[in-house]
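Only one structure is covered here, and it is reproduced in the block below.
Coordinate-derived values only; no laboratory data. Keep in mind the model is a prediction, meaning the values are calculated, not measured. All Cβ positions, glycine included, derive from the backbone under ideal geometry; neighbour counts span all protein chains shown.
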Amino acid sequence: MNRRDSLKAIGFGTLSATMLLDACKPGDKKLAEETSDSPKTDDASRQPNEIERDKKLNDEKFFNDHEMATITVLADIIIPKDARSGSATDAKVPDFIEFIVKDKPYNQVPMRGGLRWLDLQCLNRYDKTFLDISPTQQLALVDEIAYPKKAKPEMQQGVAFFNRMRDLTCTGFFTSKMGIEDIGYVGNAPNKWTGVPADVLKQYGMEDV
Amino acid sequence: MSDLQIKKTSTVYDAIIVGSGAGGGMAGYVLANAGLKVLMLEAGPFFDPAKNSSQLKWAYESPRRGSSTNTRNFGDFDGAFGGWDLEGEPYTTKDKTEFYWFRSRMLGGRTNHWGRISLRMGPNDFRGHHIDGLTDDWPITYDDVKPFYDKVDRLIGVYGTVENLPNEPDGIFLPPPKPRLNELYIKKGAAKAGVKVIAGRGSVLTEALPGNKDRGACFFCGQCGRSCKIYGDFSSSSCLVIPAMKTGNLKVITNAMVREVLTDDNGLATGVSYINKDDMQEYQVKGGMVILGASAGETARLLLNSKSANHPGGLANSSGVVGKYIHDSTGSSAGGWLPQLMDRKRYNEDGTGSIHIYAPWLKDNKKLNFPRGYHIEFGGGMGMPEYGFGFGIQNVNGSVPGRDGKPREAGGYGAGLKDDVRRFYGTDFGMAGRGMSIARADNYCEIDPDMVDKFGIPVLRFHYKWSNDEINQAKHMQETFQSIMHEMGAKYGPPEGPETNYGLEAPGRIIHEVGTVRMGDDPKKSALNKYCQAHDCKNLFVVDASPFVQQGDKNATWTILALSMRTAEYILAQRKKLNV
């Protein structure tokens, strides 16, 4: 089968053959821009029980409004907007985190408990929850749990919570459309792999390996 | 009066094949193309990679960004419906056994998601008893199987390089993909550590397969594990079963869970009985011969559940070996990251979804405290971020200076963290050993005396324990990994220690379990002859990995394909002589 026929055989619904071939050029981000962020529902690659389970998860609600608001603030502290891309919220990371704790319930107690632990820290210090203290105060508290090697022993549970929150935020951001573009991933498109480019081989002295 | 009854048809197929994986698929392909009327029963649903693959989906097209679920154990986009834990289909263990059994109920079985790593067993794998007396010899040699390996290479396609290694036979190779940048570091570091790294061997069409118009040449998306929409890699569904159906001689019934093989008063197989999972009704079908390709566990289970007056210990089991000698590959892994690769230039590094490089076993066991060996599979590069990307940044971002040359505090948040994730992208790599474990009669599966599954079929019970041979092999893997990573100039953690058996995966986790219906010349010590024909029942054959006497440090699939082709051709020759 020649390459043009095989590309046609993939049968992309929304993409023309031209766009596919264009996407073969290095650094071309056309494919990423054309596809939407939301998962498809009528999908020949999903089994009926999977579609049913995802629907059921989507109908559930785990975090209450206060928890979601706290998660939102934390997520944007962890991944803020910068020159290259938007914030965690811009990439819908809080919604991702809500889905993940429903999909992977072992996250539920650590996340719920961690959020409450955080609020207790703030209530004890300021008589207010994390959401209601000032941004400066928020960052001061985050500083106490964001650096595992220098955190005080009594903050260790907060460190564990923040590690988890950071993990989920980073993964939620960098696997989103915005995040994948930010990280500069080139791929997920038909191409011809001919090895590491010559200039890169030269850069690392790997021409003779 | 109940609606439930056994529906029997009068059609007598030339052959009934149970299972549509590598073995069943190949048997069906050969026999259908030879004009036999074949019925194939598959316990799972129909699956055509062209329609059903998740290939080329972005991570964000999955709400869990590609992470696994209980029904898709290797990731949301993975080609295999799992898996370890099938609803209503339990298995048991005894005597503190820890055994994990992966079942992939779908057309093509596990060949939809496997790593496409295609290694021939070598002369010392078929006949290794002379090395240390620990293993039983196969009744056949590499030379008996070589013609079939050659035919499989031509029929299905495999890439690699000719290396002339004594126990790592070369194939008829398509060109291998070049290493990724991380893999060049691995190759260089491994050489310094005394580990020879060669091109990987994978069943991926890096070039168009001569004479085949149905399959496309690989376009290097790196997603073989999702199964390939253009049939660029080997799945039994795409490469064997679907083409065989086009001959008009192969009928496939899906969602058919076979309960037992039926025999007549002479002890010959007459067909099978199965439950249709769609209508939950019972059926019996007739065949001139029965060919089992249901996987090592399921085939043994089927035989043991097919008791009759002529076969009181289970079909084909007068020797008592059915279920015994089950063995899985050993497996232990490690990984790290390369500070040299921080701030990498981005380019498409997807490559193929099978190994670009690997290290065959070339060491001398006389100097070691364990028998035989393992190969090492390597990987690393700038792949698509999926769930887990960015995890654990606090473990790495404090160990190198920042852009300003000043020391960094591990962890953090904000603009600096965002920058860190960008800097570290593409620096990581991994390696995994896959080795030969010794087949032992004392590792076995049997029928649980009490439990049935939701279909009423008695389930398997496993009894399996690693020995010091395997544990010491895993220790050596860990030491070797440390040495390689050190020579690479990588950053990495400490090796796995005795408390985890040196990272040795639990039995069954590598999903290379073989050997439950071993072949041999002596009917007292084996269930099948050297053509995988049952000693006790001449119209019964086994074509999955059950007949393996002893696996090598080579993934089983290519050998399953070669042996199944050999058995199918034997069947055709015997039919010509009217012996079957």
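Helices that extend 24 Å or more along their long axis by alpha-carbon positions and average at least 0.0 on the Kyte-Doolittle scale are, among the DSSP H runs of chain B, B:557-576. For chain B, the C-alpha radius of gyration divided by 2.2 N^0.38 Å, with N the number of residues, is 0.98.
Values of log10 I(q)/I(0) for the range A:140-209 across q = 0.17, 0.21, 0.26 Å⁻¹ run -0.78, -0.89, -1.07, by the Debye formula with one identical scatterer at each alpha carbon and no solvent. In the range A:90-209, one over the average inverse separation of all distinct C-alpha pairs is 17.6 Å, which is the Kirkwood hydrodynamic radius.
With the convex hull of the Cα atoms taken as the outline of the protein assembly as shown, the averaged projected area works out to 35.7 nm².
Here's the list of aspartates and glutamates a cross-link from A:K102 could span, going by alpha-carbon distance under 13 Å and ignoring same-chain residues fewer than 8 apart: A:D54, A:D59, A:E60. Residues of the range B:131-156 falling in the label zone of B:I172, defined by backbone nitrogen less than 12 Å from a point 7 Å along Cα to beta-carbon, are B:147-156. Each Cα pair under 8 Å and six or more residues apart adds its separation to the average, and for the range B:38-162 the resulting relative contact order is 19 percent. In whole Å, what is the distance between the alpha-carbon centres of the range A:89-150 and the range B:1-43? Here the answer is 58 Å between Cα centres.
Taken residue by residue and averaged, Cβ atoms of other chains lying within 10 Å of the Cβ of B:416-429 number 3. Legend: mean number of C-beta atoms from other chains within 10 angstrom of residue C-beta atoms, peptide A:145-156, equals 3. Maximal additional length on extending the B:E499-B:D450 stretch stands at 14.2 nm, based on 0.36 nm per residue less the C-alpha distance.
Rounded to two decimals, the Cα-based Rg/Rh of the range B:152-208, with Kirkwood Rh, is 1.02.
As an equivalent ellipsoid, the range B:53-104 spans semi-axes of 28, 10, 8 angstrom, where each value is the square root of five times an eigenvalue of the C-alpha gyration tensor, largest first. With the radius of gyration and the Kirkwood radius both derived from the Cα set of the range B:54-163, what is their ratio Rg to Rh? With Rg and the Kirkwood Rh in hand, the quotient comes to 1.09. You can think of it this way: the chain between B:D521 and B:K7 has 181.2 nm of extra reach, that is 0.36 nm per residue less the Cα-Cα gap. At 37 °C and 0.692 mPa s, what whole-number value in µm²/s does Stokes-Einstein give for the translational diffusion of the range B:245-342, with Rh from the Kirkwood sum over Cα pairs? Reported coefficient: 199 µm²/s.
Between B:K577 and B:N468, the contour length at 0.36 nm per residue exceeds the Cα-Cα span by 34.3 nm. Pairs of C-alpha atoms in the range A:80-158 farther apart than 14 Å represent 71 percent of all such pairs.
Rounded to the nearest Å, what's the spacing between the alpha carbon centres of the range B:131-183 and the range B:271-314? Just the number, please. Between the Cα centre of the range B:131-183 and that of the range B:271-314, the gap is 33 Å. For chain B, the relative contact order is 23 percent, taking Cα pairs closer than 8 Å that sit 6 or more residues apart in sequence and dividing their mean separation by the residue count. Computed log10 I(q)/I(0) for the range B:290-346 at 0.27, 0.30 Å⁻¹: -1.11, -1.22, from the Debye equation with unit scatterers placed on every C-alpha and solvent omitted.
If R0 is taken as 22 Å, the Cβ-Cβ distance between A:Y204 and B:H486 corresponds to a FRET efficiency of 0.75. Treating r as the C-beta distance of A:N49 and B:S273 and R0 as 25 Å, the FRET efficiency rounds to 0.45. The mean number of Cβ atoms from other chains found within 10 Å of a Cβ in peptide A:190-202 is 6, as a whole number.
When the distances between all Cα atoms of the range B:296-397 are binned every 5 Å from zero, what whole-number percent does each bin get? The distribution over the range B:296-397 is 2, 8, 11, 12, 10, 9, 10, 11, 9, 7, 5, 3, 2, 1, 0, given as percents. Put simply, when B:17-29, B:248-260, A:91-103 are sorted by average Cβ atoms within 10 angstrom per residue, most first, you get B:17-29, A:91-103, B:248-260. Placing a label point 7 Å from the Cα of B:F391 along the Cα-to-Cβ line, the residues of the range A:166-209 whose backbone N sits under 19 Å from it are A:166-176, A:180. Expressed as a whole percent, the proportion of Cα-Cα pairs in the range B:404-539 lying more than 27 Å apart is 53%. Scaling the Cα radius of gyration of the range A:51-112 by the globular reference 2.2 N^0.38 Å produces a ratio of 1.21.
Taking a threshold of 18 Å on the Cα-Cα distance, which of the pairs B:K94/B:K465; B:K96/B:K475; A:K56/A:K104; A:K128/A:K149; B:K51/B:K251; B:K37/B:K277 fall above it? Beyond 18 Å: B:K96/B:K475; A:K128/A:K149; B:K51/B:K251; B:K37/B:K277.
Evaluated at q = 0.27 Å⁻¹, the base-10 log of the normalised Debye intensity for the range B:399-470, with identical point scatterers placed on the Cα atoms, takes the values -1.18. Estimated from helices alone, the mean residue ellipticity of chain B at 222 nm is -6000 deg cm²/dmol (sum of -39500 (n - 2.57) over DSSP H runs with n ≥ 4, per residue).
Here the convex hull built on the C-alpha positions of the range B:453-515 has a volume of 147 cubic angstrom per residue. For the range B:112-263, the spread of Cα coordinates along the three principal axes comes to 54, 43, 29 Å, biggest extent given first. Please tell me which of these pairs span more than 18 angstrom C-alpha to C-alpha: B:K286/B:K324; A:K202/B:K188; B:K286/B:K538; B:K188/B:K406; B:K7/B:K286? B:K286/B:K324; B:K188/B:K406, as the Cα separations exceed 18 Å there. Within the straight-line cut-off of under 19 Å between alpha carbons, the aspartates and glutamates reachable from B:K196 are A:E207, A:D208, B:E163, B:E168, B:D170, B:E183, B:D364, B:E377, B:E479, B:E487, B:D553, sequence neighbours fewer than 8 places apart in one chain being disregarded.
Treating r as the C-beta distance of B:D137 and A:Q156 and R0 as 56 Å, the FRET efficiency rounds to 0.45.
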